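Visitor: Sharing a structure below in structure tokens format, with a few things to ask.
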2 protein chains.
Amino acid sequence: MPQPFDIAVIGATGTVGETLVQVLEERDFPIKALHLLASIESAGASVPYRGKNVRVREVEQFDFSQARIVFFAASPAVTRSFAPRAAAAGCTVIDLSGDLAVPHVVPEANAQVLATLKAPVQVASPSSSAVALALVLAPLREQLGLVKVNVTVAMAVSALGREAVSELARQTAELLNARPLEPRVFDRQVAFNLLPQVGKVDAQGHGVLERRLVSELRELLGLPLLKISVTCVQAPVFFGDSLTVSVQTENPVDLVAVNSALDGAEGIERVEEGDYPTPVGDAVGQDVVYVGRVRGGVDDPCELNLWATLDNVRKGAALNAVQLAELLIKDLL
Amino acid sequence: MPQPFDIAVIGATGTVGETLVQVLEERDFPIKALHLLASIESAGASVPYRGKNVRVREVEQFDFSQARIVFFAASPAVTRSFAPRAAAAGCTVIDLSGDLAVPHVVPEANAQVLATLKAPVQVASPSSSAVALALVLAPLREQLGLVKVNVTVAMAVSALGREAVSELARQTAELLNARPLEPRVFDRQVAFNLLPQVGKVDAQGHGVLERRLVSELRELLGLPLLKISVTCVQAPVFFGDSLTVSVQTENPVDLVAVNSALDGAEGIERVEEGDYPTPVGDAVGQDVVYVGRVRGGVDDPCELNLWATLDNVRKGAALNAVQLAELLIKDLL
């Protein structure tokens, strides 16, 4: 039994932060003191942990020397403000905000990177779609020889937080009741619609999340030159990101070998041909990435197609971060 | 002014059939008699045309020698039963059901095929996603040199008919009211979800619609060896199919030239960078395919990415079929 640790969760009232606290409890993470922190607007709220309601305090007032491991699950701006303080206090930092330029790790794909980190350790949990792709492609990378990955990510609104979840419900109810629609979080109707742009795009037309997925996936797979084409689409789904993936391969695709590698891999659950996994029916609340519709090309022997879906808040963020912490306390602290 | 024609529409009570009648009226198609036909279950209903309600009669009882042009907008089984009768009566047949093994034509892409057809003419209007891809890729095929097309199609429920439209509305209302969900047309929850399989799949795992898109697009572009990877996903959208498209090209992509070719092409409306088109906000009820998010690869010079959305019932089916009829009465009849 490892010694218990003092833990801080920043952004504890958000969708990811609250799930993170729940996952820490479920997995019986050895915690001495649990400090739940948020911005001044959310401070004072409480989050359930081990049968008690833990009060959320203001991060600005927190003395980081009280924590051994700090999870950053708030916005990039919050990470930017407080990660230096955490590092100065010697804390191990696990960033879920996408802000820190530190190694990204998905335990099932590139856990070996953790052993190379120097104290105070700073490590990042990548975006949900990068977690999914890393889990699915890492066990295939040797046998296939990845030439190019084409992916469309259909993102759940929960990626944008609680307000976005409420807005999808509100927009849907307004439409069903033929009331006028007033978009707030989104810039237009998202209910019964698809928005092919999530967040800002750069001068080349690529979205921030699209760029982020490309760089994170290359890093996670250890393939810095891998060609990747990504489009992120906002779908009218509350929870669960889904990906259609088409891979151009160096070697002809052997589906028996592919399925066998997927079945033997950690963090993946493959659904048999004929059936298929969906975000609502399979992924939500689960600790694995569901994979289905595994098939070759119509007539291209060097093509692999598949569909993957995962709980973006849980497996795609909170759980991956807790898995990182579990490895760090075993090997490093 | 061309002489007016006797027209029959089979499947007149369906989503596509009813829109077809509306488009014939809007475009002032020269009609002498309009015969609206359907299976025995739908016969007796009526469909509005030029301010009157036209009674729908039973197709089984129809004398095809009364019609010069017949649109098949019902199921493949209905086409299979009655297209031979129509051909025997010398009718020009325009098939929207996907059943007939006859040339597929999208006027803006391969109208030249019409001149090669012999009487009695039989021609097919392809699937909605093939119409979209043909319109977008035909004007680019020379300048880019298409090597491979990767596409994810997010299909509207209206592709499966009125019952599917009702079911999405009903499932959504049930979920918002926390009532138990009873899927009927779909095999599971489609509201707030994504189903990565539409219809049956074959032994290789490819869906019927995916296979159909591959063969139709190759035919429409006149590129029988073009590599195409397709995944069709059922989205909780009432009307409007959307496609994320990533093209591998032979020549480096010149975005100025691409945008200029798209802007000059018939049947397409390109949305400027920064903005983006959506099925609900742009495509529904319109006569063009909306294209947006036109961009190169992150670092692959031979990659073009874009998003396209169109009214699957109108531009993707009914309007394309009427456009075919307009060309046929000009050149052939």
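The values are calculated or read from the model by the stated rules, or taken from the named source; none is laboratory data. Keep in mind the model is a prediction, meaning the values are calculated, not measured. Please note: Cβ atoms are built from the backbone with ideal geometry, for glycine as well, and neighbour counts cover all protein chains shown.
So that you can scan it fast, the table gives a plain yes or no per residue for (1) in contact with a helix residue (DSSP H, G or I) (Cβ under 7 Å, 6 or more places away or on another chain); (2) surrounded by fewer than 24 Cβ atoms within 10 Å (Cβ to Cβ); (3) free of Cβ contacts under 8 Å to residues at least 40 places away in the same chain; (4) outside any helix (DSSP H, G or I):
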{"site": "B:Leu213", "(1), (2), (3), (4)": "yes, no, no, no"}
{"site": "B:Cys232", "(1), (2), (3), (4)": "yes, no, no, yes"}
{"site": "B:Pro236", "(1), (2), (3), (4)": "yes, no, no, yes"}
{"site": "B:Phe239", "(1), (2), (3), (4)": "yes, yes, no, yes"}
{"site": "B:Thr244", "(1), (2), (3), (4)": "no, no, no, yes"}
{"site": "B:Asn259", "(1), (2), (3), (4)": "no, yes, yes, no"}
{"site": "B:Asp263", "(1), (2), (3), (4)": "no, yes, yes, no"}
{"site": "B:Val291", "(1), (2), (3), (4)": "yes, no, no, yes"}
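Visitor: If B:Ala178 satisfies all but one of (1) among the small types (Gly, Ala, Ser); (2) surrounded by fewer than 18 Cβ atoms within 10 Å (Cβ to Cβ); (3) more than 10 Å from every other protein chain (Cβ to nearest Cβ); (4) in a helix (DSSP H, G or I), what's the number of the condition it fails?
Guide: For B:Ala178, the failing item is (4).
Visitor: Which residues, counting only those in segment A:79-128, are at pLDDT below 95 and acidic (Asp, Glu)?
Guide: Of everything in segment A:79-128, just one residue is at pLDDT below 95 and acidic (Asp, Glu), namely A:Asp99.
Visitor: Now, a different point. Could you please give the count of residues in segment B:221-257 that are at the interface with chain A (Cβ under 9 Å from one of its Cβ atoms) and charged (D, E, K, R)?
Guide: 1
Visitor: Taking segment B:184-211 on its own, how many of its residues are among the acidic types (Asp, Glu), crowded, with 23+ Cβ neighbours inside 10 Å and not in a helix (DSSP H, G or I)?
Guide: Number satisfying all stated conditions: 0.
Visitor: Of the residues that make up segment B:146-163, is at least one part of a helix (DSSP H, G or I), farther than 29 Å from A:Val151 by Cα and touching a residue at least 40 places away in the same chain (Cβ under 8 Å)?
Guide: yes
Visitor: Still on this structure, I have one more. Please verify whether A:Ala115 is aliphatic (A, V, I, L, M), under 17 Å from the mean Cα position of the chain (by Cα) and assigned to a helix (DSSP H, G or I), treating the condition exactly as stated.
Guide: It is false that A:Ala115 is aliphatic (A, V, I, L, M), under 17 Å from the mean Cα position of the chain (by Cα) and assigned to a helix (DSSP H, G or I).
Visitor: So, one more: Given (1) within 12 Å of another protein chain (Cβ to nearest Cβ); (2) more than 21 Å from B:Glu142 (Cα to Cα); (3) in contact (Cβ under 8 Å) with a residue 12 or more places away in the chain; (4) not hydrophobic (A, V, I, L, M, F, W, C), where does B:Gly281 come up short, assuming only one miss?
Guide: The single condition B:Gly281 does not satisfy is (3).
Visitor: Being farther than 14 Å from A:Ala154 by Cβ and either surrounded by fewer than 24 Cβ atoms within 10 Å (Cβ to Cβ) or within 14 Å of chain A (Cβ to nearest Cβ) (or both) is the filter here; which residues of segment B:152-163 pass it?
Guide: Once the filter is applied, which keeps residues that are farther than 14 Å from A:Ala154 by Cβ and either surrounded by fewer than 24 Cβ atoms within 10 Å (Cβ to Cβ) or within 14 Å of chain A (Cβ to nearest Cβ) (or both), segment B:152-163 yields B:Ala156, B:Val157, B:Ser158, B:Leu160, B:Gly161, B:Arg162, B:Glu163.
Visitor: If you scan segment A:20-55, which residues turn out to be under 23 Å from the mean Cα position of the chain (by Cα) and closer than 20 Å to A:Ser81 by Cβ?
Guide: Answer for segment A:20-55, where residues must be under 23 Å from the mean Cα position of the chain (by Cα) and closer than 20 Å to A:Ser81 by Cβ: A:Leu20, A:His35, A:Leu36, A:Leu37, A:Ala38, A:Ser39, A:Ser42.
Visitor: Further, regarding this structure: Starting from segment A:295-313, keep only residues that are at pLDDT 95 or above, then list their pairs with residues that are of a type in the set (A, V, I, L, M, F, W, C) and part of a strand (DSSP E or B) whose Cβ atoms are within a distance under 6 Å, requiring at least 6 positions of separation or different chains.
Guide: So the pair list comes out as A:Leu304/A:Val247; A:Leu306/A:Val245; A:Leu306/A:Val291; A:Leu306/A:Val294; A:Ala308/A:Leu243; A:Ala308/A:Val289; A:Ala308/A:Val291; A:Leu310/A:Val289.
Visitor: Can you report the number of residues in segment B:92-107 which are of a type in the set (D, E, K, R) and either surrounded by fewer than 20 Cβ atoms within 10 Å (Cβ to Cβ) or in contact with a Pro (Cβ under 8 Å, 6 or more places away or on another chain) (or both)?
Guide: Total meeting the criteria: 1.
Visitor: Just wondering, is there one or more residues in segment B:95-108 that are over 17 Å from the mean Cα position of the chain (by Cα) and touching a residue at least 24 places away in the same chain (Cβ under 8 Å)?
Guide: No - not one qualifying residue is present in segment B:95-108.
Visitor: Based on what the data block shows, is B:Gln248 at pLDDT 95 or above, in contact with a strand residue (DSSP E or B) (Cβ under 6 Å, 6 or more places away or on another chain) and not in a helix (DSSP H, G or I)?
Guide: Taking the combined requirement at face value, the residue satisfies it.
Visitor: Moving to a separate point now. Tally time: how many residues in segment A:56-76 are within 24 Å of the chain's Cα centre (by Cα) and among the charged types (D, E, K, R)?
Guide: 1
Visitor: If you don't mind, there's one more thing I want to ask. Find all pairs meeting these conditions: Cβ atoms under 6 angstrom apart; at least six residues apart or on different chains; first residue within segment A:16-42 and closer than 14 Å to A:Ala74 by Cβ; second residue of a type in the set (D, E, K, R) and assigned to a loop (DSSP other than H, G, I, E, B).
Guide: From residues that are closer than 14 Å to A:Ala74 by Cβ, there are no pairs.
Visitor: Still on this model: Just to be sure, is B:Gly274 at the interface with chain A (Cβ under 10 Å from one of its Cβ atoms), in a helix (DSSP H, G or I) and surrounded by fewer than 20 Cβ atoms within 10 Å (Cβ to Cβ)?
Guide: So B:Gly274 does not fit the description; no.
Visitor: Please state which of the following conditions A:Val271 fails to meet, knowing it meets all the rest: (1) of a type in the set (A, V, I, L, M); (2) within 14 Å of A:Pro139 (Cα to Cα); (3) more than 18 Å from the chain's Cα centre (by Cα).
Guide: (2)
Visitor: So which residues in segment A:291-319 are more than 10 Å from every other protein chain (Cβ to nearest Cβ) and closer than 29 Å to A:Val105 by Cβ, if there are any at all?
Guide: A:Val291, A:Leu310, A:Asp311, A:Asn312, A:Val313, A:Arg314, A:Lys315, A:Gly316, A:Ala317, A:Ala318, A:Leu319
Visitor: While we're looking at this one, here's another question. Can you tell me how many residues within segment A:190-220 are facing chain B (nearest Cβ under 8 Å), within 22 Å of B:Ala235 (Cα to Cα) and in contact with a strand residue (DSSP E or B) (Cβ under 9 Å, 6 or more places away or on another chain)?
Guide: 6
Visitor: Determine whether B:Glu210 is within 17 Å of the chain's Cα centre (by Cα), acidic (Asp, Glu) and more than 28 Å from A:Phe192 (Cβ to Cβ).
Guide: No, not satisfied.
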